[in-house]
Amino acid sequence: MKLAIIGAGNVGGTLGTAWAQKAGHEIFFGVRDAKADKVQILIGALGGKARAGTPAEAARFADVIVLTVPWNAAEAALNEMGDLGGKILLDATNPLAMGPDGLGLAIGHSISAGEKVQGWARGASVFKTLNTTGFGNMADPVIKGVKSVMFVAGDDAANKPKVLQLVGQLGFEAIDAGPLRNARLLEAHAMLWIDLALNRGLGRDFAFAILRR
Ligand SMILES: NC(=O)c1ccc[n+]([C@@H]2O[C@H](COP(=O)([O-])OP(=O)(O)OC[C@H]3O[C@@H](n4cnc5c(N)ncnc54)[C@H](OP(=O)(O)O)[C@@H]3O)[C@@H](O)[C@H]2O)c1
């Protein structure tokens with residue numbers, strides 16, 4: 001499959017590498033500076049499986065676009081990509097902002113980043129996923145033999161199996177978490193992971209999993 005990864009930082013670099021190496025997908029990183037050393041090192045490590053250009057070039061190339069930019073850059077990055085009709089877009093952002101109690105969610109409860117991204121991504125079918133755990137777990141989602149969970153929320157029932165498969169190829173147990181408005185729950189769930197990791201002593205080497213009886 002042809003994947004555009006918008007942003008090539010912790011999350012974008014990790015996901016692009018994992019999808020190229022584990023599933024053989026072709027990766028096009030959409031970045032602000034394709035010639036930057038860190039971008040060149042990243043695509044060099046992936047051999048012929050990856051390239052880099054502008055977000056608009058990446059989006060044109062791909063069937064599936066994965067948004068991995070900071071929340072405050074999301075609207076501008078999507079504007080730059082123009083018409084995304086017929087594309088699937090996976091939104092991995094979290095609407096983080098510093099508040100009086102430290103890092104928290106800038107919006108929530110009655111709206112979500114995922115729904116706002118759907119409004120900005122012209123014509124794309126948006127899924128909220130890959131936002132609820134740290135990038136280290138995205139590189140290696142299996143802990144002591146147990147797959148960590150990754151939820152997928154989106155309204156496009158026809159394309160949801162494809163998204164669940166992509167997430168599963170990373171090594172997660174991919175779970176359908178309902179419609180896109182449930183991004184409100186997934187972004188709060190992400191904030192819980194962040195709070196546990198940064199403020200409650202769990203660090204980044206833990207993940208959530210589904211246990212069944
Ligand atoms: N870190 C995690 O473990 C984690 C986990 C789940 C979700 N998330 C979410 O994923 C997103 C990315 O996090 P991250 O940790 O990967 O951040 P990061 O390491 O800072 O990477 C962000 C990337 O976005 C690029 N970027 C910034 N503005 C851009 C624009 N206007 N157009 C195109 N690219 C742009 C940056 O490029 P430059 O190098 O040019 O600045 C960089 O490649 C955030 O929304 C975050 O909340 C993070």
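The values are calculated or read from the model by the stated rules, or taken from the named source; none is laboratory data. In this text, all values refer to a predicted model and were calculated from it rather than measured experimentally. Surface areas here come from the heavy atoms of the whole protein model, side chains and all, with no ligands, DNA or RNA. Shrake-Rupley method; radii C 1.70, N 1.55, O 1.52, S 1.80 Å.
Sequence-ordered 3J(HN,Hα) estimates for region 115-132 from the Karplus curve with 6.51, -1.76 and 1.60 and θ = phi - 60° stand at 5, 5, 4, 4, x, 8, 8, 4, x, 7, 9, 9, 10, 8, 6, 6, 10, 9 Hz, glycine and proline given as x. Once the 1.4 Å probe is applied to the protein heavy atoms, the chain comes out at 47 Å² accessible per residue.
Our coupling estimate for region 36-45, obtained by passing each phi through the Karplus curve with A = 6.51, B = -1.76, C = 1.60 and θ = phi - 60°, is 4, 3, 5, 6, 5, 5, 4, 6, x, 5 Hz, Gly and Pro reported as x.
Amide hydrogen proximity for VAL66: with H placed 1.01 Å from N in the peptide plane, the residues at 5 or more positions away or on another chain lying under 5 Å are ALA4, ILE5, ILE6, LEU90. Measuring with a 1.4 angstrom probe and ignoring ligands and nucleic acids, ARG200 comes out at about 140 Å² accessible.
Each stretch of four or more DSSP H residues adds -39500 (n - 2.57); spread over every residue of the chain, this sum gives -11000 deg cm²/dmol at 222 nm.
For region 79-90, the Karplus equation 6.51 cos²θ - 1.76 cosθ + 1.60, evaluated at θ = phi - 60°, returns couplings of 4, 5, 7, x, 6, 10, x, x, 8, 9, 10, 9 Hz by residue, with Gly and Pro reported as x. Rolling a 1.4 angstrom probe over region 81-150 with all protein chains present gives an accessible area of which 56% lies on carbon and sulfur atoms. The relative contact order of the chain comes to 18 percent, based on Cα pairs under 8 Å that sit 6 or more residues apart. Around the amide H of PHE151, modelled in the peptide plane, lie the amide H atoms of LEU130, ILE175, all under 5 Å away and 5 or more residues distant in sequence or on another chain. Excluding same-chain neighbours fewer than eight residues apart, the aspartates and glutamates reachable from LYS35 by a Cα-Cα span under 15 Å are GLU57. Here's the list of aspartates and glutamates a cross-link from LYS144 could span, going by alpha-carbon distance under 18 Å and ignoring same-chain residues fewer than 8 apart: GLU173, ASP205.
Summarising the strand pairing of the chain, around 25 percent of its internal DSSP beta bridges are antiparallel. Principal axis analysis of the Cα atoms in region 1-113 yields extents of 46, 30, 26 Å, listed in decreasing size.
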